[in-house]
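Some notes on the structure that comes next.
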Amino acid sequence: MSKKQVIMRLLQIIIVLFGISFITFGLTYMSPGDPVRNMYSANGVMPTEEMVEQTREEMGLNDPFVVQYGRWLGNCLHGDFGTSYSLNKPVTELLSVRLWPTLKLTLMSMLIMLILSVPLGMISALKKDTWIDYLVRGITFVGCAMPNFWVGLLLMMAFCVYIKLFPVISSAGDFKSLFLPALTLAIAMFSKYTRQVRTAVLDELSQDYVIGAEARGVKRSRIIWCNVFPNSLLPLITMFGLSIGSLLGGTAVVEVIFSYPGLGNLAVSAITSSDYNLIQGYVLWLALIYMVINLIVDASYIYIDPRMRLKE
């Protein structure tokens, strides 16, 4: 990507973040529930109406919407997302502590997914219209139909309750606590990626360069591993980047099921307690991470695909 393209993408990120911040703040402003009462309830205090009104005045919650948004946005530009109403800690501190466990869960689930999907997708394409192909396609069909929460509950019942191989309550510390949540997320992605790999390999096998190489007597295994395999993985790069961004923000259900201490679990707690500052900070953080990952993926195409370098 040229410098001009990078600058334009960065400007787009800033504009999108501004729009997301406005929409998020507006939705939380209009949402039902009183964060002041929830804050007192979290601390085991039964406040009077006078206490609630005084606290709202001190926190600026009685100010007009534009004033509250401008004050909050100005603090965000300085890296201050406010203080959590329910946990009484800085939002930045809470998000930074939970980010690494969610990142570990995301990377491990992506690793498991690639280990499963790439070989099966290749085999399914190379054995097209055989019983192996039908079997793989049937497995992926079932995998696409199973929701995450149901897969998680089945895995928990099998490996935590009956076999007792993994702990019921997961932590971010060891491999055993991380494996089942990561496997749950990987199963949902595995089916989609296996089908994509199969389609990409079949498309590459029908290209003229494959026919020409076979006509010149090049070994089929060499054609597959030196040409077809690298070229078929190029379309997966965009999907891979989007999946990482989606997992960072879409692991809430799985984290709640396994009591995993990640960003998703924190977000669910923030929503149930009407912790507006925490919700707003969570949405902005994930939006920024998602767009930065997409920018990195788009920039990586130039270094991975020689045709993009020639085009540049």
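The values are calculated or read from the model by the stated rules, or taken from the named source; none is laboratory data. On a predicted model such as this, the values are computed, not experimentally measured, just so you know. Cβ: placed from backbone, ideal geometry, glycine included. Neighbour counts: every protein chain shown. Areas reflect the complete protein model, heavy atoms only, side chains present, ligands, DNA and RNA absent. Shrake-Rupley method; radii C 1.70, N 1.55, O 1.52, S 1.80 Å.
For a Förster distance of 22 Å, can you work out the FRET efficiency between the beta-carbons of Lys4 and His78, rounded to the nearest 0.05? Efficiency at R0 = 22 Å is approximately 0.15. Backbone phi angles across region 239-246, fed through the Karplus curve with coefficients 6.51, -1.76 and 1.60 (θ = phi - 60°), yield HN-Hα couplings of 4, 4, x, 5, 5, 4, x, 5 Hz in residue order; Gly and Pro are listed as x. Modelled spin labels at Phe18 and Asp208, positioned 7 Å past Cα toward Cβ, are 4.8 nm from each other. Applied to region 125-133, the Karplus parametrisation 6.51 cos²θ - 1.76 cosθ + 1.60 on θ = phi - 60° returns per-residue 3J(HN,Hα) values of 6, 6, 10, 4, 6, 9, 5, 5, 4 Hz, with x for Gly and Pro.
Once backbone amide H atoms are built at 1.01 Å from N, Thr83 has Val91 as its partners under 5 Å, excluding neighbours fewer than 5 places away on the same chain.
Placing +1 on the Cβ of every Lys and Arg and -1 on the Cβ of every Asp and Glu, with nothing else charged, gives region 112-249 a dipole about its Cα centre of roughly 220 debye. In region 167-276, a dipole from Cβ-located charges (positive for Lys and Arg, negative for Asp and Glu) runs towards its positive end, and of Ile271, Thr194, Thr238 it is Thr194 whose Cα lies farthest in that direction.
Think of region 102-199 as having a plus end and a minus end, set by charges on the Cβ of Lys, Arg, Asp and Glu; of Phe179, Met113, Tyr134, Tyr134 sits farthest toward the positive end of this dipole.
A Förster distance of 41 Å, applied to the separation of the beta-carbon atoms of Thr55 and Ile296, puts the FRET efficiency at 0.45.
With the Cα gyration tensor of region 7-64 giving a ≥ b ≥ c as the square roots of its eigenvalues, does the rule (a/c under 1.5 for rounded; else a/b larger than b/c for prolate; else oblate) give rounded, prolate or oblate?
Prolate shape, in that a/c is at least 1.5 and a/b is the bigger ratio.
One quarter of the convex hull surface built on the alpha carbon atoms of region 9-161 amounts to 15.4 nm², the projected area averaged over directions. Each Lys and Arg contributes +1 and each Asp and Glu -1, all at the Cβ; summed about the Cα centre of region 172-305, the dipole is approximately 500 debye. When you restrict to C-alpha pairs under 8 Å that are six or more residues apart and normalise by the size of region 1-103, the relative contact order lands at 21 percent.
The value of relative contact order for the chain, using C-alpha pairs under 8 Å at least six residues apart, is 26 percent. Projected label points at Asp34 and Val268, each 7 Å from Cα along the beta carbon direction, are separated by 2.8 nanometres.
From its DSSP helices (H runs of at least four residues, each -39,500 (n - 2.57)), the chain gives a residue-normalised ellipticity at 222 nm of -25000 deg cm²/dmol. Rounded to the nearest Hz, the phi-derived 3J(HN,Hα) couplings of region 193-204 under the Karplus curve 6.51 cos²θ - 1.76 cosθ + 1.60 (θ = phi - 60°) are 6, 4, 5, 5, 5, 4, 5, 5, 5, 4, 5, 5, where x marks glycine and proline. The candidate values were (i) 33, 60, 8; (ii) 30, 48, 19, 3, 0; (iii) 26, 48, 22, 4, 0; the one computed from these coordinates for P(r) over Cα pairs in 20 Å bins from 0, in percent carries the label (iii).
Taking every protein chain into account, the 1.4 Å probe leaves Phe179 with about 50 Å² of accessible area, to the nearest ten. For the pair Leu27 and Leu154, label points projected 7 Å from Cα toward Cβ lie 3.1 nm apart.
Using all pairs of distinct alpha-carbon atoms, the Kirkwood hydrodynamic radius of region 123-277 works out to 18.2 angstrom.
Max-minus-min Cα coordinates of region 186-240 on each principal axis give 41, 16, 14 Å, with the largest extent listed first.
Rg/Rh, computed from the Cα trace of region 47-114 with Rh as the Kirkwood radius, has the value 1.20. Toward the positive end of the charge dipole of region 26-175, with +1 on the Cβ of Lys and Arg and -1 on the Cβ of Asp and Glu, the farthest Cα among Tyr40, Ser124, Phe81 is that of Ser124. Taken about its Cα centre, the chain carries a charge dipole of about 1640 debye when Lys and Arg each add +1 at the Cβ and Asp and Glu each add -1 at the Cβ. For a straight C-alpha distance cut-off of 26 angstrom, the lysines reachable from Lys89 (same-chain residues fewer than eight places away being disregarded) are Lys104.
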